[in-house]
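Beneath this line is the structure, given in structure tokens, with notes to follow.
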Amino acid sequence: MNVTTKGNSIYVNNLIIYKFEYNIRDFKIFSNKIFVLLESPPNSFHNENIYCIDEMGNIVWQVEEISHIYLDSPYDKIILDKGNILKGYNYDGCLYEINIDSGKIINRKFLK
């Protein structure tokens with residue numbers, strides 16, 4: 001599966017499969033899942049800006065909504081580690097481990 005992005009669009013094998021509301025900041029691939037981190041414009045309060053989509057462009061999940069320290073606290077980095085655990089860093093200075101099958105938060109660590 002060859003995945004690329006441009007602006008708010010994601011492509012698989014050069015075919016557009018999905019257009020998001022906001023631009024794509026980063027993505028990671030595991031098996032047939034594409035984990036997408038979206039840009040979140042200032043004061044948009046779009047804190048749940050991590051999605052999982054399949055290779056056909058279906059949204060599998062959006063990261064679980066949780067309370068944050070700040071009202072505008074989107075994720076700004078994602079990592080897929082060697083144990084196939086998706087990690088998201090947000091503006092609060094927290095690291096969240098995210099279940100790759102459901103988008104639920106399974107662990108939270110304060111880093112700052």
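Details
- Residue in the stretch 68-78 that is aliphatic (A, V, I, L, M) and at pLDDT below 90 present: yes
- Top-ranked residue in the stretch 52-78 [being of a type in the set (A, V, I, L, M, F, W, C) and surrounded by 15 or more Cβ atoms within 10 Å (Cβ to Cβ); ranked as farthest from V12 (Cα to Cα)]: V63
- Output for the stretch 73-90, where each listed residue is closer than 11 Å to N49 by Cβ and either part of a loop (DSSP other than H, G, I, E, B) or over 12 Å from the mean Cα position of the chain (by Cα) (or both): S73, P74
- Residue among I16, I50 that alone is modelled with pLDDT of 95 or more, of a type outside the set (G, A, S) and touching a Ser or Thr at 6+ places or on another chain (Cβ under 6 Å): I16
- Note on the stretch 1-26: among residues that are among the hydrophobic types (A, V, I, L, M, F, W, C) and in a strand (DSSP E or B), the one that is nearest to N43 (Cα to Cα) is I24.
The values are calculated or read from the model by the stated rules, or taken from the named source; none is laboratory data. As the structure is a computational prediction, the values presented were derived from the model and not from experiment. No Cβ is skipped: glycine too gets one built from the backbone with ideal geometry, and neighbour counts run over all protein chains shown.
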